[in-house]
Amino acid sequence: MRILICDDHDASRIVLSKYLARYGTCTLVDNGAEAISLYAESQQSDEPFQLVCIDILMPQMDGFNTLRSIRELEKVFSPKDTDKLKVIMVTALDDTDNIHQAYSLGCDAYLMKPYTLQQVDDTLKSLGLIT
Amino acid sequence: MDTISQLYFEETMEQLENAEGCLNEMQQFFQPAHVDRLFRYIHSVKGSSDMMGFSEVKDLSHVLEDLLSQAREGKKTLTGELMDVCYQSVDTLIHMVENRKQDVHGSASVRLISESRNLIQQLQQISEESSFEMSVLREPVTFPEEPHASAAPVSISLPDPAAIKPPAPPAEVLLPDISSETSSPASNPLPIPVPVPVHRYYVRMLLSPDNPMTAVTRFLILKRLDENGVVIYTHPSRELIEAMTELPVSQNLQDANGALTFLNPHEMVFLYRSNLSRDHLSRELDVGYVEDHFVIDLGKTYQEYRMTKDDRAFFKYYFNEYARILSSLEQLTRQSRHGQQATPGPHWQKIHYSLIKISSRIIQLPSNERYHQWINAHQLAKDFFELETTANQPKTPALITYLKTLLMHAATDAWRLVKNEVVIKHLHLEEKQHVLLSLQNLSLELNPDLHQVLLVDVSAKNRLLESEVKSILSIFQTLKEKQIRPLLIHDGKNRLRIDQGTEPLPLKSLFVQYQYEHQLLEKALLQLCHHPFFPETEGGVS
C-alpha cells in the first residue's frame, strides 16, 4: 500500500510515517500543492496511493483546499466508486466546525493530534485498510 | 451563553422533541398531517441552525427536509426503512444540538459527524430512488380526500444551474461589405429563466514554472471556475485542459488555431461569468503553484474604473513616498541588527511623515469603491505605526518586519490597481478625427509593459477608405511588433462601410461589433481569443 503524508510540521510528519511504515511505503511532503501533484502523478502510475493523510493548518494552501482539490481530481481519474482513495485528516483542530467542514469536503476519517498507535490502527481498521 | 443562543437551544430542542413525538404518532397511526408537521419542525430547525452557523445541524436537517417535502408531495411513503432513517436522523440532530450546547469538541464530535455523513448519504440515496412503486403502495395509507394526494408521481427536479450554460455570446464580426442590416439582438430563448451570473471577469494567471504537474493545476483551476460560474472562454482550450496532458512549451505557443500567440506558455486566460466578488474569486483561484494572477472586472474596468490624471499623479506620488519609507525601514533594520537601540529616531520620524503625507492625499481620491481595499490596507499600516510611536519601547527587528509586511500589502494592492487599469487602452475616434494621424501618434505612445490591448472605437465614422484601411494595417503591424493587440470596434449604428475597391480587405478578425456598451469589452476580448494575432496573408478573408 502506498501512503502519502502531507504535513508542514517536520516532527509530526515523521512520527506518523513511523507509525504507518508497518502498513506500506510512505511518501512525505510538506505542502498541499506538492501533495496534489504527487497524487495526480501516482494516479497515472501502476501503483496509485491508497491513503492520504493531510494536516489542516499549513501555510499557503491549507488542508481543506488540498482535500477539495484531490477529490476533484479523483472524479476524473477514477470515476468508479469501488477503490476510492481514503483520506484521513490529521490535525490538532478539535472544534465541531472544522470537523464538519472536513467531512463535508469528503474526508473518510479525522484523527486528532496527539494520537496513539492504537488510535491510528483503529482508524485504519475502520476504513478497511487493514484487518 | 448569550440570549440568542439560549433561545436557539430552547426552541430547537423543543422542536426536535416535537418531531420525535410526531414520528412516534406516525408509527401508530399514519396521517398526512403528521408529515406536514414534521416537515415544519425540521424546516425551522434548519433555518435557525443556519443562522447560528451550526452547519453540521443545518446540513443534516436540510437533507431530511428534502426527503420530507417529497413525502408531502406524495412521492415517497414513510414506511419501514425510511422511518428508521428518519428516527436516526432526528436522534442525531438532537445529539448534535446537545453537543453544541455543551460545547463538546474532539472525538465525540468526530463520531457524531461521521455518523451524520452516513445518514446524509442514506437520505440522499432514498431521495434519488425512483418512486413509482412507492406511489402505488401509498394509496391505501393516505386519505383519498387529501387534495395533494392526486399529485402525479413524476419527480420535478430543479435544473442544475451549472448544466444550463447560456451560449457564449457570438462575436459579431462586421464584414467589410456589410452595409445593410447589422445584427439581431442576442436573444437566446432559454426554456427556464436561469439567473445569469452578474459579474464578468477577464482572468489571467501565470503558473509557476517549477510546477511538476502543470496540467493538474490547470485542470483544478478550470474545475473551480466551473463550480462557481460559467466559463466562456479558456486558453489553453478546454479539451486540452480536461485531457490533462502536459503541453510542450513550443506547441503551446502556437496551438492548432494559431490563437493567442502573445501568451507565455505558463499563462492561462479565462473569460468568466460569475456571482463571486472579485476578492472571492481571487481566493478561489489559489490552488498552489500559481505565481501571480489578475482579475479584471469587465463590467467596471471600462466604465467606472477609469483612472483620472489626478489618480495617476497620486499613485506616482505614493510610490515615491513608499520608496522613501522602505529605505528608512532598511536603515532601522540595520540599526537593530547591529545591537544598537533602535529607539524612535530620525528614520522613524521620516516614515511617520511620509505616511501622514500619503494619508492627507488619499482624501483627494474620488470616493470610489475600487480604492477601499487599498485605503484600508494603508490605514491599517498607519494606525499600527502610530500606536508604536506613542508606545515608548525599543523597536525590535520582528516589529519592523511586521511593519514592512503591512506596508507591502498596501503597496501590492496599489500596484494592482495601477496595473490592472492599463491593460486595456480604449480610444474613441470622433467623427471628423483623422484615423491615421491619431493612430500613428498613439502607436508611438503605447508602452507594451502597460498596455496589452488597444481598442479603437470607430463608431462615429461611417466610412473607411481602402487606403485608410491599408495604413491602419501597417500601423497595426508595428503594434504587433510591440506585442500589443489592436481591435477596431464599432457599435453598428452608423453603418460602417469599408470602401474595398477591387481587393477584399483582411479586416475580418480585427473588427468587433457591439450593441451595448457593457458587452463591449467582453466581445472584444473574445474576438482576440478566437482569432490569430493578425491576418497573416493579405486578402485572406474568405
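Rule-based calculations on the coordinates, nothing more; no lab input. These figures come from a predicted structure and were not determined experimentally. Every residue, glycine as well, gets a Cβ built from its backbone with ideal geometry; the counts of neighbours run over all protein chains shown.
Couple of notes before you dig in:
- Residue exposure sequence - B:316, B:350 - by fewest surrounding Cβ within 10 Å: B:316, B:350
- Estimated inter-spin distance, residue B:401 and residue B:428, nm [label 7 Å along Cα→Cβ]: 5.1
- Listed by chain and number, the lysines whose C-alpha is less than 24 Å from the C-alpha of residue B:404, apart from same-chain residues fewer than 8 away, are B:316, B:350, B:357, B:382, B:395, B:419.
- Modelled FRET efficiency - R0 51 Å, residue B:337 with residue A:113, Cβ distances, 0.05 increments: 0.90
- The stretch between residue B:79 and residue B:384 holds 103.4 nm of extra length on full extension. This uses 0.36 nm per residue minus the Cα-Cα distance.
- Average beta-carbon neighbours from other chains, 10 Å sphere, peptide A:90-101: 5
- Checking every one of the GluC sites (Glu not before Pro) in region A:14-120 against DSSP loop status and a limit of 14 other Cβ atoms within 10 Å picks out no site at all.
- Whichever lysines have a C-alpha closer than 16 Å to that of residue B:523, once near sequence neighbours (fewer than 8 apart) are set aside: B:300, B:425, B:508
- Sequence-separation-based contact order of region A:1-113, relative, with Cα cut under 8 Å and 6+ spacing, percent: 25
- Inter-chain Cβ neighbour count for B:3-11, averaged per residue, equals 0 (cutoff 10 Å, partner chain atoms only).
- Scalar couplings 3J(HN,Hα) for region A:91-105, obtained by applying the Karplus form with A = 6.51, B = -1.76, C = 1.60 to θ = phi - 60°, are 7, 8, 6, 10, 8, 4, 4, 5, 4, 5, 5, 4, 5, 6, 7 Hz; x denotes Gly and Pro.
- Taking other Cβ atoms within 10 Å as a rough exposure proxy, B:317, B:201, B:8 sort from fewest to most as B:317, B:8, B:201.
- Taken over chain A, lysine pairs spaced eight or more positions apart, or on distinct chains, with alpha carbons under 20 Å apart number 9.
- Residue B:292 paired with residue A:122, simple spin-label distance in nm, labels 7 Å along Cα-to-beta-carbon: 5.1
- Spin-label pair residue A:23/residue B:10, simplified geometry with 7 Å Cα→Cβ offset, distance in nm: 4.8
- Under a 5 Å amide H cut-off, with hydrogens placed 1.01 Å from N, residue B:76 pairs with B:71 among residues at least 5 apart or on other chains.
- Ranked by how many other Cβ atoms sit within 10 Å of their own Cβ, fewest first, the residues B:49, B:474, B:336, B:282 fall in the order B:474, B:282, B:336, B:49.
- Three-way shape call for region A:2-124 based on the alpha-carbon gyration tensor, with the a/c threshold at 1.5: rounded
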